[in-house]
Structure formats: structure tokens, C-alpha cells
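Notes to accompany the following structure.
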Amino acid sequence: MRIFMTGASGCIGHYILELLLQVDRYDVFLLLRHPQKLRLPVQDNPNVHILNGGLEDIDQYADLLATMDLAILTAAVWGGEPDYVLDINIHRNLRLMSLLDPERCQQVIYFSTASILDQNSHTLVEASEIGTDYIRSKYECHHRLPELAIYNKITTVFPTLVFGGDKDKPHSFISAGLNDVTRWISLIRFFQADAGFHFAHAQDIATVINYLIEHPSNSGYREYVLGNPPISANQAVEQTCDYLGQRIWFRVPLSFWLADVLIKVFRVQMAPWDYFCLQYRHFVYQGAVNPASFGMSPYCATVGDLFRVHGIQGRGE
């Protein structure tokens with residue numbers, strides 16, 4: 001199987017690639033703008049082919065793309081010049097998919113983001129109207145997928161809050177905040193907040209992607225939200241306190257109006273999307289999947305698991 005992959009040097013990309021390298025029958029082609037950022041040992045692997053360049057260079061690989069059996073598209077631009085973000089995340093990704101041969105390519109696994117979905121897993125209008133450049137670009141690309149000849153072969157995945165990283169893999173942006181939680185939990189534990197979310201470790205995401213590779217759709221286009229079952233903000237604090245051995249004596253409800261007052265008092269700069277997220281609060285989705293959904297054991301199923309795998313000591317350890 002010939003596999004074309006973008007974003008292998010990122011956090012999720014490292015975990016997916018590590019699993020791909022364990023299968024001898026995979027011939028993997030990696031599009032990398034900065035190959036030196038790839039931490040996995042692939043230099044002497046005859047099944048791995050490094051293609052120098054970014055998505056803006058995709059046309060030079062048109063002939064190669066037509067020979068691919070599978071494409072895994074994790075690469076995205078998170079920030080920078082708005083025109084560049086929109087060009088890469090929308091136009092270049094769509095161009096790449098248009099260069100695949102619908103007769104040969106068995107599946108395209110395209111990474112979007114759960115931020116563009118509402119609680120019924122439908123697209124969220126606010127994501128297109130006031131979302132960041134990254135979120136708006138993901139919304140637009142998702143909206144235009146039906147235009148592609150290969151649309152019926154596409155599996156779109158929507159990661160929720162992603163944790164991950166170790167000595168051999170880059171950390172996700174949010175994983176860096178775990179140490180901040182341990183510093184502030186002695187204060188955080190005394191507040192309640194009406195909010196909910198999902199999280200997923202990159203290892204579990206890679207496990208699901210590996211399953212989807214071996215089980216392509218038999219009925220056309222499909223979508224999956226990637227994450228553990230939803231958890232409330234209060235449950236997250238309780239599980240954190242339990243892991244770190246912090247006792248909760250009392251809790252003060254942190255209502256929206258109080259948060260709004262604190263924002264004004266401390267002159268916190270809030271973009272329209274940030275303010276919307278503060279009001280929306282419950283980023284939970286129907287039918288989110290993780291390894292357990294397919295009969296496999298999750299790597300990180302609880303908040304305590306997250307602290308443990310990131311080397312943060314809990315009580316009794």
C-alpha cells in the first residue's frame with residue numbers, strides 16, 4: 001500500500017507514522033517542509049520516502065499522487081498571515097485531494113477540527129463568521145469537500161482537545177499547560193464552572209486512524225469526532241485533585257457574569273471567537289470515538305492517565 005502523508009513532523013503525525021512504520025507492506029511518502037523536525041528514525045528505512053516541500057509545492061508531486069492508495073492529511077497552518085493560512089488549509093489541501101486518482105485511492109483521511117462542529121456534530125455557523133483564521137479555513141475546506149471527485153473515499157476526522165508528546169515526539173500545544181494546572185490547582189479546586197469538553201491523547205488518535213486505514217468505508221463519505229467520552233470542567237478538577245492529592249473543602253460557582261466582570265476588571269483581551277467560546281461552554285459532541293469504540297484499549301482514558309503519561313507525579317507515586 002502506497003501512503004501519502006502530510007504533517008508527519010507534528011505531534012499527531014509522529015504517533016501515526018510510528019504505527020505505520022510497524023507494517024512492512026506500507027510504502028510511506030512524507031511531504032515535509034522541514035525534514036529535520038522528524039524525530040523518528042526513518043533515514044535508513046527503505047519503505048519511507050521524504051519529499052521536500054510544503055503543501056504550496058503540491059503540484060510538483062501530481063504524477064506521484066496519482067499512484068497513491070491512501071492519503072493521510074494532518075498538516076495545517078495554525079497562524080500567521082491570513083491569506084497564507086487560508087491558502088494552505090483550504091486551497092492546497094483541496095488541490096492535493098483533487099490530484100489523487102479516485103479509481104485507485106482507497107481512502108483519504110483528512111484532519112479537520114471539532115471546533116467547527118456544534119453539539120449535534122453539525123457545522124457551527126459561528127466558526128465561519130467569527131472563528132480564527134485557522135477555524136474559518138477548516139470550516140471552509142470541510143464545506144467544499146463534496147466538490148471533489150474523490151469525495152466518497154474521504155474520511156474526515158475531528159480531533160477534540162489533543163494531548164501528547166514525549167522524548168521522541170513533539171508535545172501538543174495544550175500538553176504544555178498540564179504543568180500550569182499542577183501549579184494552580186490549589187486555587188482552581190475551589191471554583192465550579194458550567195462547561196464540558198472531550199480530550200484525546202495523540203496515541204489514541206493514531207490507534208483509531210490505524211483502525212480506519214484497515215477498515216475503509218463501504219458506503220461513501222464518513223466522519224468521526226475523535227475523543228474520550230465528554231467530561232465536565234468540574235469532573236476534570238475533581239479527577240485532577242484526586243490524582244494530585246488535593247482536597248476540595250468548598251466550591252464557588254464561577255458564573256458567566258462573574259467571568260465577564262473579571263475580564264473587564266483585568267482588561268483581558270478577548271477576540272470575538274474567544275468570547276463566543278466562553279458563552280458556548282459545552283463543546284461536547286454526539287458519537288465521539290476512541291479506541292474503546294472499536295474494541296481496543298485506550299492509552300489515556302482519564303485525566304489521571306494524562307498526568308501519568310506526561311510524567312507528572314501523583315499522590316502515592
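What follows is calculated from the coordinates using simple rules that are stated; it is not laboratory data. Predicted model only: the values in this text are computed from it and were never measured. For neighbour counting, all protein chains shown are included, and Cβ atoms are generated from backbone atoms with ideal geometry for every residue, glycine included.
Can you tally the net charge around residue 16? Count Lys and Arg as +1, Asp and Glu as -1, for every other residue whose Cβ sits under 14 Å from the Cβ of residue 16.
On the way: positive: 39, 169; negative: 18, 168, 204, 214.
Taking every Cβ under 14 Å from that of residue 16, the sum is -2.
Mind ranking 78-90, 14-26 by how tightly packed they are, going by the mean number of other C-beta atoms within 10 angstrom, highest first? It would help to have the intermediate numbers written out before the result.
Numbers: 78-90: 15.0, 14-26: 17.6.
Put in order of decreasing packing, that is 14-26, 78-90.
What fraction of the DSSP beta bridges in the chain is antiparallel, stated in percent and rounded to the nearest 5? Could the numbers behind the result be given before it?
Numbers: 4 of 38 bridges.
Once the DSSP bridges in the chain are tallied, antiparallel ones form about 10 percent.
Considering Cα pairs under 8 angstrom that are at least six residues apart, work out the relative contact order of segment 133-275 and quote it in whole percent.
It rounds to 31 percent for segment 133-275.
Using a 10 Å cut-off around each Cβ, can you sort 3, 50 from fewest to most neighbouring Cβ atoms? Intermediate values should be presented prior to the final figure.
Details: 3 22, 50 15.
Lowest to highest Cβ neighbour count: 50, 3.
Let me make sure I get this right: for segment 61-192, a, b and c are the square roots of the gyration tensor eigenvalues over alpha carbons, sorted descending. Under 1.5 in a/c it's rounded, otherwise prolate if a/b > b/c, else oblate. Which is it?
prolate
What is the dipole size for the chain, taken about its Cα centre, with +1 at each Lys and Arg Cβ and -1 at each Asp and Glu Cβ, in debye to the nearest 20?
Numbers: 24 positive and 33 negative charges, 181 e Å.
About 860 debye.
Rounded to the nearest Å, what's the spacing between the alpha carbon centres of segment 1-31 and segment 173-193? Just the number, please.
Measuring centre to centre over Cα atoms gives 34 Å.
Is the shape of the chain best called rounded, prolate or oblate, per the rule: a/c under 1.5 gives rounded, else a/b larger than b/c gives prolate, else oblate, with a ≥ b ≥ c the square roots of the Cα gyration tensor eigenvalues? Write down the numbers at each step before the final one.
Details: a/c = 1.98, a/b = 1.53, b/c = 1.29.
Note, shape of the chain comes out prolate.
Given the -39500 (n - 2.57) contribution per DSSP H run of 4+ residues, what per-residue ellipticity at 222 nm results for the chain, rounded to the nearest 500 deg cm²/dmol? Please list the in-between numbers first.
Working: 12 runs with 104 residues, N = 317.
Calculated from helices alone, the mean residue ellipticity at 222 nm is -9000 deg cm²/dmol.
Apply the a/c threshold of 1.5 to the C-alpha gyration tensor of segment 184-225 and tell me whether it is rounded, prolate or oblate.
Working: a/c = 8.88, a/b = 2.64, b/c = 3.36.
Oblate.
Sequence gap at least 6, Cα distance under 8 Å: using those rules, report the relative contact order of the chain to the nearest whole percent. If you can, show how the numbers build up before the last one.
Details: 545 pairs, mean separation 56.6, N = 317.
18 percent.
Return the percentage of antiparallel bridges among DSSP beta bridges fully within segment 105-207, rounded to the nearest 5 %. Each step should come with its number before you reach the end.
Values: 2 of 9 bridges.
Roughly 20 percent of the beta bridges in segment 105-207 run antiparallel, per DSSP.
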